[in-house]
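Data block below; observations after.
Just so it is clear, none of the values below were taken in a lab; they were calculated from the coordinates. This structure is a prediction, so every number in the text was calculated from the model and none was measured. Glycine gets a Cβ as well: all are built from the backbone with ideal geometry, and neighbour counts include every protein chain shown.
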Amino acid sequence: MKKTIGVVFGGRSVEHEVSIITAHNPIIDSLLATGKYNVVPIYIGKDGSWYSDPAMNDINFFRNDLEEKLKKLKKLQLDLNNGLQIMIPGSLGSKKINIDIVFPAMHGTYGEDGSLMGLLRMANVPFVGCDLFASAVAMDKVLTKQILKAEGVPVVSDVWFTKEDWESKREGYLHKIKNLRYPLFIKPVHLGSSIGITKINPLADQEKNLINAIEVALHYDEKVLVEEGVENLVEVTLPIMGNDEPILASIERPLNKTEFFDFQDKYLSGSKKVGGVNNNYSEIPANIEPSLAEKVKELGEKTYKILGCSGIARVDFLIDSVLNQVFVNEVNTLPGSIYQHNWKKSGVSNIDLVERLIKFAEGRFENQKNTTYSFNSEILNQYKSSKNQ
Amino acid sequence: MKKFLSKYSLKYPRSLVYMLQASEYNIVEFLDWFRRVKDFAKVEERKTLVKTIKASLLYAIAWNLFILSFAIAIASLWFFEGVRSLLVFLVIFLFAPYLTLYLLSLCTFLLNSVQRPIERIIINKAKEKLQNHKALKIGIAGSFGKTTMKEIIKTVLEGSKNVAATPDNKNTPLGIARFVESLDGDEEILIFEMGEYYEGDIKKLCEIISPDIGVITGVNEAHLDKFKNIERTAKTIFELADFLSKKEGTKVYVNKESRSASESAAHIKNENKPFPKVIYYGHGGIEEGGGNWKVEGAETNLSGTSFILKNNKEEGVVVRSKLLGLHQIGPLAVASHIAQSLGIKLEKIELGLKNTKPFKHRMEPREDAGGVLVIDDSYNGNPDGVKVAIEFLKEIKDKRRFFITPGLVEMGRKTEEVHREIGKELANTGIEKVVLIRNSVTPFIEAGLKENNFKGEVIWFESSLECFSSLPKRTINNDLLLYQNDWPDNYS
């Protein structure tokens, strides 16, 4: 019997469209190419409604008049009773599909941040990629850095605050920021794909620019991070997969045209290329000194383990190429298009990649089954008897 | 059953017109194809109907006929009574798709008959214009490699001369006439690709063009379905040499590596006519009566082909081209030879040669983000082309090589032999993966592979589309994929 894989994508996130691409290239396309699975696309609209239709296995479904097409579809119902079932209402009663494994393909909020993983844990269904805890921590850049710092992983100095902090104690934070070395990077804490990030150069009106940048970041998020820039900067990234024994892909250096890798660079300027959501402006493997490469690999694996990642993730690094210092910048638990181009270059074909990820999902699920979550207790009876007294 | 029902599909009229257009309004070919179709709703897959005036007109006619025949069927219910009315209705209903088919064929025939005299006027005009045109005219004929030859000669000459060549695959009298219409009149060199589909075709084209130089790229099994035997193909292609024999100062370049072509050329030599002067070309260089141009140090890899062309008198021509494969040596040598005979300086010739690069879908390399190399050779649909593609793969080391093919069409009674041979060559070369599309000819390739103890893996796909979408998901860094040939709809 073919296993049924539910690929979940879209969602209430600024990275909604990117998620649609990731879901199709490579996930759905590769799963279909194996011929081994029933692939059920599960699409969450920008308003949070759930849909499923076989036509959604083709990315063209999402290209034109999506709103009109969605209006014609009935929304899904979910059954979370010991396994995940989706029910698609139809004129002759609803069609019930049992999902054996879930393949999340969501980026950012309400998906990659652990929300979806929580739901899937409740349903007791195996799913691909990082679990709830790693996803939730990695989604918060501040929390990630705090944990890594506590474990001795080098990270760059920063100042962080919430919207409320900023409104009530702005001067205090501006004072703290003065201790950081320019250029500064202002980031919304929870967003990926470089959305809402601004670089502030040490110019005459740097403070005005800084305040503007913070306002921009606060527009996207409740929590903002102001980070010190690294000099002689070389940015690299390292995709990793596996559970207890992580497998490293190649170190990749994005060769972006503008000063830093923003949303436009990452997803839009390479739109004619066929490599999924990642364009071609990168060097794989990165041409960096062997000692630095070793350091990157060591810190990558360590970070993956400290955060409790499983399935797949990508660790981003900042390198001072003169002082030979490596800093971990952030962790992405569902990299765009699961970084298939890098895996391919590292000897893992698309089909191989999705099949391995499914194996890791099943492996983790089996292990969790062996953990006991029930405990026979007399506490209820005792409680009752105490009340009866 | 599916075939029967699909004749009642709403796509039926469009499919018929598409099929007519794809068979170039040749009714015999069209009816032949009609018999082979299994599902009329799925004929238009690789290409789509191009809305020319003729096609639009026929499309409107097809729909009218389709509706009319059903209208007659329904009307019969009123004309007749009782069981008989139902019977007549059923008979007409069953024959409605055929009624549409045959009436549409008749309309096409009538349209063709009206069109022909008009075409003749256009062609005669072109002929007249060419007769008064002072340019040197080069005609290229052969079963394969015409477009490549045309493009190479054009690229090498155009840095020094005003050159025009027939566009794309326009190689019929009408296509050439339209090209002639577009000429300014001050061109110095005109290059024509000449297509052969039936006996007499090349002769007709020669009468329009009146070439001064001929190039015969080779004779093989291409279009054997129409020519029936290879001797007839050779005779048709050599109509070019026959024409040149009637004109003074002409010469013809003949591909020495094509057996049928060099045999036919030997016949001309034996006839001892003063013209055309026969010049052979190939991997070894150029052989002409007076002396030879020898090829030295030939090399080919994924970045191109290079060699030195040594001439008795002068220093050699250094050839560095981005074209892939040693089979490009011949055409590059021909282009150099023609350029030299036109008095073009050595540096200019070398620069022109440097500008030659792969043409679309002909041994055209590209690399994807995952480091997978793809050589697109999808316009290559003939046995000699397949041979050179496999030979090229032989030169590539340290890569996992995939050879992807749906086989070749129009091979007539040679079908089994040609495909077995491909399988055997692939096995001999030690290709790692052979990817086959399931159809009537690919099992012969598999048989050839087995015959020569193929050690690699054979991967099957049910359709080209499935193969194109699936393969990129199975490949990794440093893999080399060569896509050879793509079947048009009328053969699948």
Only Lys, Arg (+1) and Asp, Glu (-1) charged, at Cβ; chain B dipole about Cα centre in debye: 700
Region B:246-352 pair-distance distribution - Cα-Cα, 5 Å bins, rounded %: 2, 12, 22, 22, 19, 12, 7, 3, 0
Tail weight of P(r) past 49 Å, computed on alpha-carbon pairs of the protein assembly as shown, percent: 40
Average beta-carbon neighbours from other chains, 10 Å sphere, peptide A:27-34: 3
Tail weight of P(r) past 36 Å, computed on alpha-carbon pairs of chain B, percent: 39
Amide H contacts under 5 Å for B:GLU432, placed H, 5+ residues apart: B:ARG401
Residues whose placed amide H lies under 5 Å from that of A:GLN325, excluding near-sequence neighbours: A:ASP320
Residue-averaged beta-carbon neighbours from other chains (10 angstrom radius) around A:340-347: 6
Distance between region B:146-161 and region B:47-79 - C-alpha centres, whole angstrom: 46
Approximate shape of region B:2-117 as ellipsoid semi-axes (Cα gyration tensor, √5λ), whole Å, largest first: 28, 16, 11
Which of B:TRP293, A:TRP343, B:TRP78 has the fewest Cβ neighbours within 10 Å, and the rest in rising order: B:TRP78, B:TRP293, A:TRP343
Burial ranking of peptide ranges A:97-105, B:169-177 (average Cβ count within 10 Å, highest at the top): A:97-105, B:169-177
Chain A - charge dipole about Cα centre, Lys and Arg +1 at Cβ, Asp and Glu -1, debye rounded to 20: 1120
Interchain or long-range residues, amide H under 5 Å from A:ASN38's placed H: A:LYS3, A:THR4, A:ILE5
Stokes-Einstein translational diffusion, chain A - Kirkwood Rh over all Cα pairs, 0.890 mPa s, 25 °C, in µm²/s: 110
In order through region A:349-358: 3J(HN,Hα) via Karplus (6.51 cos²θ - 1.76 cosθ + 1.60), integer Hz, x for Gly, Pro: 6, 4, 5, 4, 4, 5, 5, 5, 4, 5
Largest to smallest principal axis extent of the C-alpha atoms in region B:175-290, angstrom: 40, 39, 27
For region A:90-114 versus region A:1-55, the gap between their alpha-carbon centres in whole angstrom: 8
Dipole in debye (nearest 20) - region B:364-491, about Cα centre, beta carbon charges: Lys, Arg +1; Asp, Glu -1: 440
In sequence order, calculated HN-Hα J values of region A:168-177 (Karplus, 6.51, -1.76, 1.60; Hz; x Gly/Pro): 8, 10, 3, 4, x, 5, 5, 5, 4, 5
Chain B - mean residue ellipticity at 222 nm from DSSP helices (-39,500 (n - 2.57) per run, n ≥ 4, rounded to 500): -15000 deg cm²/dmol
Karplus-derived 3J(HN,Hα), 6.51/-1.76/1.60, for each residue of region B:445-456, Hz, glycine and proline x: 5, 4, 4, x, 4, 5, 4, 9, 6, 4, 9, x
Exposure proxy ranking, count of Cβ atoms within 10 Å, fewest first, for B:LYS251, B:LYS455, A:LYS3: B:LYS455, A:LYS3, B:LYS251
Tail beyond 15 Å, pair distance distribution of region A:157-228 (Cα, percent): 46
Relative contact order %, chain A, counting alpha carbon pairs below 8 Å whose residues are six or more apart: 17
Cleavage-rule hits (GluC sites (Glu not before Pro)) in region B:304-384: DSSP loop, at most 16 neighbouring Cβ within 10 angstrom: B:GLU314, B:GLU315
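Can you tell me the convex hull volume per residue for region A:33-104, based on C-alpha atoms, in Å³ to the nearest whole number?
In region A:33-104, the Cα hull volume divided by residue count equals 115 Å³.
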Charge-dipole axis of the protein assembly as shown as Lys and Arg at +1 and Asp and Glu at -1 on Cβ define it, positive-most pick from B:PRO365, B:ILE140, B:VAL317: B:ILE140
Binned Cα-Cα distance frequencies in region A:3-128 - 5 Å width, integer %: 2, 11, 22, 26, 23, 13, 3, 0
